[in-house]
Amino acid sequence: MLLSSFGDLKIQDWKKMIKHVLLLCLMIHCTIADPKAAVPVPIPPVPVSVPPLPKHTWLTLHGDEPFVVANGGFSGLYPPQTELAYSQSIIFGKGGTVLLCDLHMSRDGHGFCLSQLNLQNTTNAADAFPNRKKTYIVNGKELQGWFALDLTSDEMFDKLIVTQSIFSRTDLFDFLSPYPTDLYLEENRNALLWINAEYATFYNQHKLSLLDHMKQLVETKKDITYISSPEIGFLKSMGPVVHGLKTKLMFKFPIDRNAVEPTTDEPYASLLTKLPMIKTFATGIVVPREFIWPVNKARYLEPSTNLVADAHKQGLEVFAYGFANDNFLPHNYSYDVQREYLQFVDNSKFAVDGVVTDFPTSASTAIACLAGSKNASRKVPTLIISANGANGEYPGSTDLAYQKAVDDGADIIDCSVQMTKDGVAFCLPSVDLIRTTTASGPFMSRAAKVDSIQSSMGIFSFDFKWDEILSLKPQMFSEFNGDLIRDPARKNVGKFVTLSDFLEFAKAKAVPGVLINIENAAYLANKGLDVVGAVTTALSNATLDKQSTQKVLIMSGESSVLDKFKDIPTYQKVLHIKKQVEFVTNETALEIKKHADAVFLHKHSLYTQFRGEGFTLNFTNLIECLHWANVSVYAGTVLNEFQDIYMDYSSDPYSLIHNLIYYGADGIITQYPGTANAYTRNLCTGNLESYRIPDINPGDVITTSLDPKEVEEYKPPPPVHLETKDFVTPPLPAVAAISIDDDKGSASSNNTNANAPSSPSPPPEQAQTPSTATAATINVVAIFFSTMLGLVTLL
C-alpha cells in the first residue's frame, strides 16, 4: 500500500519531498557539529578569470625578477638556521628562494649555520654550558658570551638547542639542534644556497679557517649561488676558488658605517664610495635597507640614495637586508609590510636585485603578486568595508579618514552614529570621547560611569552639545602604543563629520555603499535622544531609502535596532557579534536570520587557538552554519599591525586577508582598506603559472612543526557558544521627553543602572554535542540526499 502510494507521486512531488528531507539533514548536520572537531576544509572563492600576465619589466641589474633570500630560512617563525626553518621557506617561498646560512665553526673545525657569533641569545648555551662564558675581542670590540669555537661539534649536537633570537617571537619551536653545514648542503642540494662568512679574521686568530672550510664546501657543492663576507681579504682569497663556477662573491656592509674593515683598515663608509674597486673582487654588494631608503629618527622615510643606481652602473648587483614583518616600520608604510618590499623593487627609479628577509612568504607575495599590480583590476571577489574610514591612517570617522578610504578602494564606508545632547547625529568610533578626541584635557570633569555602556569611566558624546564637540580635535587611536604608535604627524588632523554630511559625501563620491552602525539606542532613548529616528531621517533626506544603486547596511549588536529597519527591503541588516565566539547551533543561526542578513564576526571567531600561543588549532563552525542559514559573514577588524595577527599568517595582513576569504568570509572589515584592496588586485590569483599565496588551514603550522602527540594531547577549553541572549534585546523604549538643558539628563547625575534594558528571555535549550559516529552517519545521509536531489533536478 505504501509502495503504491509512492508510485502515484508525480516528479514534482518527489522533488519537494527530497528537498524537505535534505533540508532536515542539513539542519541536523549543522546542529550536531562537534565544536572540538575541525570543520571541513573550505572551498575557496572562485577568482576572476585572468589572461596570462605579460612579462614584468624589472629595473634590476639584469632585468630579472628580484631574488627572495630567506635569512636563516623562515626565521621570522622558526628558530633561525635550523632544518625546519629552511624546509618551510622552500615550501612557502616563491620558486628560486635562496637559503642563507651564516657560517660559524666549532672547536674541532666543523661548520655550523648559526645566526650570531655570540650564542647567548640564539641558543641555550648559557644553561647547557654555564662555565663556558668567555670574553673575546671581535673587530676591535670586547664581546662577552658563549661561542661555538669553545664547544666541540659533539657538545653542540648533544646539548645545544637553537632558540629564537628575537624575544617577541614564539619559542614554541625551540627544540632543534644546530644545523651542520654539510647537512645544509646535502639536504638542500636542489635549492639555491647562500653562505655568509662573517668573521674570517676572528676565527683565524683562534686557528680556525673559514677559508679552508669554504673551500671544502665548494668542492662538495660546486654550485653554491652566493658567498658573502664583510672582509675584503677573504673574498679576494675566494676568487680563485670559485673561478669558472657560477658562484657569485658578495661584499657585505655592516649596519655600522663607521666600523673598520679588517683588511684595508678603512671605515665601511669610505668603502661605500669606492664601488669600482669593489667590482674587482665582488659581483655585488649586500647592504642594510637603510643605506638605500634612509629613515630619520622620527621614523619617516627620507629621499632614496643613489646607491643602487651607482652600483648598477658599475655592474654590481645590490641586495638589501634587514627585512622582517615584525619590524617597527617607518610610518610611511602604515605597517603594511608589502609596501616596504615594493618600495625597494617596484618604484619607478630602480629595483634591488634581491631582498634578505626573515619572512620569505611575504617577500614572495610582494615580488610575485603585488609588483606591477597598482592599476590592475580586482581578481578576488570580496566586499571591503572600512572601520571608521581609513582609521589606521587618520583619526577615525573624520573627513580625511573617509576620503582616504574612498581613495583606497573601500566598497562600503561606515559611520558609527553618536548623538550630542542637542540631538545632532555625527560619526565617531566610540560614544566615549576619551580615546578618539582631545576631550580628556578640558572636559575631564564630565567623566562618568555608565555600566550599561562600558565598565570604565568615560566622557560621553551625549553629554555635549554639537558646538562643544566642534571645540575638540579628533585623535588618532590604536590598540597598540610604544613603537607601534600610528603616524604621530596625523594624530589630530581632520574634521568631525555629521551623519548627513557623511551621506552626502558618499553620494557625491559614488561609493558603492554605506554602513550605519547604531549602538546604545535604548539608553539614548531614555535620555530623550532618538538615534534610530535620526538615522532614518538622514537616510530619507539623502534619498538612500528610495534607491538600490548604493547599498545601505544597518549594523547593530541589538536585534531591536535592526528590527526597526525590517520594512525597508533594500537595507541589509548586519548583526554585530561583539564577543569572540567559537560555536553556533542551527537554532541560533536561524534566530539570527530572523533579524539580520549578515553578521560582523571577530576574525578570531573563525578558528580556535592552540594553548594561547598565538597559533590556530581548528576551524569553528560559524561560517558553515551561518551560511547554511543564508546569513553572510563579514570578518574583522583587520589591522596591519603585526601584533594583531596570529603567527600562522606570518604577521602579514595580506596572508590573513587571503585566508579569511579562503575560509569563506564574504567581506573584510578593516581600518586599512588600502591593504585589502591591494590584496584583491594581486596578480597571482587566477594565474596558474605564478606563485600562489599559501592557503593555511587552522592548525597547519603546529601539526606540521610539532610532535603530533603534543598537539593531540592538548585539550582546548570548552568552546564559547553564540547564544540568543547575546543579541536578542527587548523592544526599544519610547523616546523620553527631556529638555536638553536639564542637567539631570547628564550621565554623571544619573543612576547608571536605572536605564539599562531589561534582560531578554532565556535562550532555547542548546543541542547536545553528539558522538563522532552519529555525525559521520548524518554526513553520509546528507550526501546521499544531495545526490538524489541533483538527480531529480535533471528529470
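Some values worked out for this structure:
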| item | result |
| --- | --- |
| Per residue, the convex hull volume that the Cα atoms of the range 611-654 enclose (Å³) | 88 |
| If the convex hull is drawn through the Cα atoms of the range 135-189, its volume per residue in Å³ | 140 |
| Where Rh is the Kirkwood radius over Cα pairs, Rg/Rh for the chain | 1.03 |
| Average accessible surface area per residue within the range 547-671, 1.4 Å rolling probe, Å² | 28 |
| Hydrodynamic radius of the range 84-180 per Kirkwood, over alpha carbon pairs, in Å | 14.4 |
| Rounded D (µm²/s) - the range 259-301, Kirkwood Rh over Cα pairs, Stokes-Einstein at 37 °C, 0.692 mPa s | 271 |
| Sequence of T704, T97 when ordered by accessible area, the most exposed leading, probe 1.4 angstrom | T704, T97 |
| Space enclosed by the convex hull of the alpha-carbon atoms of the range 352-486, per residue, Å³ | 177 |
| Binned Cα-Cα distance frequencies in the range 443-492 - 10 Å width, integer % | 20, 36, 38, 5 |
| DSSP-defined beta bridges in the chain - what % are antiparallel, rounded to 5 | 30 |
| Taking the convex hull of Cα positions in the range 83-141, its mean projected area over all directions (nm²) | 6.0 |
| Lys, Arg +1 and Asp, Glu -1 on Cβ, resulting dipole of the chain about Cα centre, debye, nearest 20 | 1320 |
| Cross-link reach list, lysines versus K222, counting only Cα pairs under 17 Å and skipping chain neighbours closer than eight places | K246, K248 |
| Quarter of Cα convex hull surface for the range 140-234, i.e. mean projection, nm² | 8.1 |
| Whole-percent pair-distance distribution, where bins are 10 Å wide, for the alpha carbons of the range 289-395 | 13, 40, 35, 11, 2 |
| Estimated Rh, the range 159-207: Kirkwood, alpha-carbon pairs, angstrom | 13.7 |
| Calculated P(r) of the range 189-326 - Cα pairs past 22 Å, % | 41 |
| Calculated on alpha-carbon atoms, Rg and Dmax of the range 399-475 in Å | 13.6, 41 |
| Stokes-Einstein D in µm²/s, Kirkwood radius over Cα pairs - the range 599-701 at 37 °C with 0.692 mPa s viscosity | 233 |
| Values of log10 I(q)/I(0), in the order q = 0.14, 0.16, 0.22, 0.23 Å⁻¹, for the range 496-598 under a Debye, Cα-only, solvent-free model | -0.59, -0.75, -1.22, -1.29 |
| T570/S739 FRET efficiency (R0 35 Å; Cβ-Cβ; nearest 0.05) | 0.45 |
| Rg/Rg_ref, the range 110-154, where Rg_ref = 2.2 N^0.38 Å and atoms are Cα | 1.11 |
| Area of L307 that stays accessible when all protein chains are in place (1.4 Å probe, Å², to 10) | 10 |
| Rg/Rg_globular for the range 551-632, with Rg_globular taken as 2.2 N^0.38 Å and Rg from C-alpha atoms | 1.18 |
| Per-pair calculated FRET efficiency, R0 = 56 Å: A448 and N131 via Cβ, rounded to 0.05 | 0.35 |
| Hydrodynamic radius of the range 54-99 per Kirkwood, over alpha carbon pairs, in Å | 11.5 |
| T273-K159 FRET efficiency (beta carbon distance; Förster radius 45 Å; 0.05 resolution) | 0.45 |
| Folded to 0 to 90 degrees: helix 531-541 orientation relative to the chain principal axis, Cα | 90 |
| Scattering profile of the range 221-302 at q = 0.25 Å⁻¹ [log10 I(q)/I(0), Debye over alpha-carbon scatterers] | -1.21 |
| Virtual spin-label span in nm between D108 and L211, 7 Å along Cα→Cβ | 2.6 |
| Non-local Lys pairs in the range 295-417, i.e. 8 or more apart or on different chains, that have alpha carbons under 29 Å apart | 9 |
| Beta bridges per DSSP with both ends in the range 226-333, % antiparallel, nearest 5 | 20 |
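The values are calculated or read from the model by the stated rules, or taken from the named source; none is laboratory data. None of the values given here were measured: they were computed from a predicted structure. Every residue, glycine among them, receives a Cβ derived from its backbone with ideal geometry; neighbour counts consider all protein chains shown. Note: accessible area is taken over every heavy atom of the protein model, side chains too, but ligands, DNA and RNA are not part of it. Shrake-Rupley method; radii C 1.70, N 1.55, O 1.52, S 1.80 Å.
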